[in-house]
Amino acid sequence: MAASAPQAGSARPLWQRTSRLLTSLLSLLVTLIGLLAFTFMLSHLSPVDPVQQIAGDHASEATYAQVRHDLGLDQPVLVQFWRYISHLAQGNLGLSHLTNQPVSADLMRTFPATIELATCSMIFAAVFGVALALLAAWKPGSIIDNVARFISLLGYSVPVFWLGLLGLLLFYAVLHWSAGPGQLDDIWIYTLEPKTGFVLIDSWLSGDPEMFRNAIAHIWLPVVILGLLAMAGITRLLRAALLEESSKEYVILARAKGAGRTRILLRHIFPNVLGTLITVIALSYATLLEGSVLTETVFAWPGVGRYMTNALFSADVPAILGATLLIGSCFILLNAVADALTWLTDPRTR
């Protein structure tokens, strides 16, 4: 029988596990409060005067003072911060000066497109990144290992917007393999009934196979471009973890007992780096939500990233802060989920 990894020691006492859980929850709460304080500080450090945006450039002093009072800007900072938190608790992120709609409504409309793009990119990155890392660790120094390191270097060093423009030039303008920017062609974009906000699901539910194929033709290129960013990190970190684990004593013992290379890699080494893989995937997914800004702009994808870009060019402070708060909250929660999954899958962390 092949050797296996050493097992963790006896489980920690209940009070230690409870203490760790409470510490994690407290850390999550403090981080969220820090994010709220950061966005609140940005709103006050912004060179854009929110009162002037509402009252106009030619407003009288009385009108200016009244608008300032209505916004609560004449109150002490702590009072303003409490009011800011109270509004957030009610789902009130302010009014977008660009769309004249509540920021919360704009984010609910655009966030599904970002989730769809990031999720498809994450699936692409996880499948190919894990497979490439396993092949690279199966035979270090081989051609596959060199390819894995090259892809990692490419994903880290090449700007995503440059890859996006190059991809559009090659696969859309020259080869016509991609349907181009946007989610759908104009012939379908105005006839699609948005039931879920996810264009792939909605086009599938429409019962029109041509519309569904057109949605796939539009989404595959931004998925690959954005997925390369996450794939580089997954391949690099998982490959390093696998190679580090392969030098430990239980692996050497398994080889001495005659276990094959593939069996050792999949049955003994890979389960012991599963916690690392979960953390990398969770952080990569959060990075995709952040990195979607440039990708959505290049591919005219109607998500939060493009919404934030338009808000930046229009100096729409409420929209910028709302989008920042949303993406930051997702990043914090994904970190918490990764810690919880690592604790569940890796007995050594308990």
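Each value in this text was obtained by applying a stated rule to the coordinates, not by laboratory testing. Fair warning: this is a prediction, and the values are worked out from it, not measured in the lab. Neighbour counts are summed over all protein chains in view; Cβ atoms, including those assigned to glycine, are modelled from backbone coordinates with ideal geometry.
Let me check I have the definition right: for the stretch 255-350, take the eigenvalues of the Cα gyration tensor, multiply each by 5, take square roots. What are those semi-axes in whole Å, largest first?
41, 16, 6
Taking the Cβ-Cβ separation of Arg255 and Phe150 as r and a Förster radius of 35 Å, what is the calculated FRET efficiency to the nearest 0.05?
Once the sixth-power term is evaluated, E becomes 0.75.
Classify the stretch 53-94 from the C-alpha gyration tensor, please: rounded if a/c falls under 1.5, else prolate or oblate depending on whether a/b exceeds b/c.
Here the stretch 53-94 falls in the oblate category.
What's the Kirkwood radius of the chain in Å, using all Cα pairs?
Final number for the Kirkwood radius of the chain is 23.5 Å.
Measure off 7 Å from each Cα along the Cα-to-Cβ vector at Ala173 and Leu205, then give the distance between these two points in nanometres to one decimal.
Placing both labels 7 Å along Cα→Cβ, they lie 3.7 nm apart.
Which residues does the label zone of Leu166 cover in the stretch 139-155, counting backbone N under 11 Å from a point 7 Å along Cα→Cβ?
The answer is 154-155.
What is the distance in Å between the Cα centroid of the stretch 224-298 and that of the stretch 121-180?
Cα centroid of the stretch 224-298 versus Cα centroid of the stretch 121-180: 15 Å apart.
Under the rule of -39500 (n - 2.57) per DSSP H run of 4 or more residues, summed and divided by the residues of the chain, what mean residue ellipticity at 222 nm is obtained, to the nearest 500 deg cm²/dmol?
Mean residue ellipticity at 222 nm (helix-derived): -23000 deg cm²/dmol.
How many nm is it between the label spots at Ser27 and Met41, if each spot is 7 Å from the Cα in line with the beta carbon?
Simple spin-label model gives 2.1 nm for this pair.
Please state the shape class of the stretch 17-121: rounded when a/c is under 1.5, otherwise prolate if a/b exceeds b/c and oblate if not, all from the C-alpha gyration tensor.
Here the stretch 17-121 falls in the oblate category.
Relative contact order for the chain: what is it in percent, counting Cα pairs under 8 Å that are at least 6 residues apart?
Averaging sequence separation for qualifying contacts and normalising by length gives 28 percent for the chain.
Defining a contact as two alpha carbons under 8 Å apart and six or more residues distant in sequence, what relative contact order in percent does the stretch 85-203 show?
Reported as a whole number, the value is 17 percent.
Loop sites only, by DSSP: take the chymotrypsin sites (Phe, Trp or Tyr not before Pro) in the chain that have at most 15 other C-beta atoms within 10 Å and name the longest stretch containing none of them.
1-176
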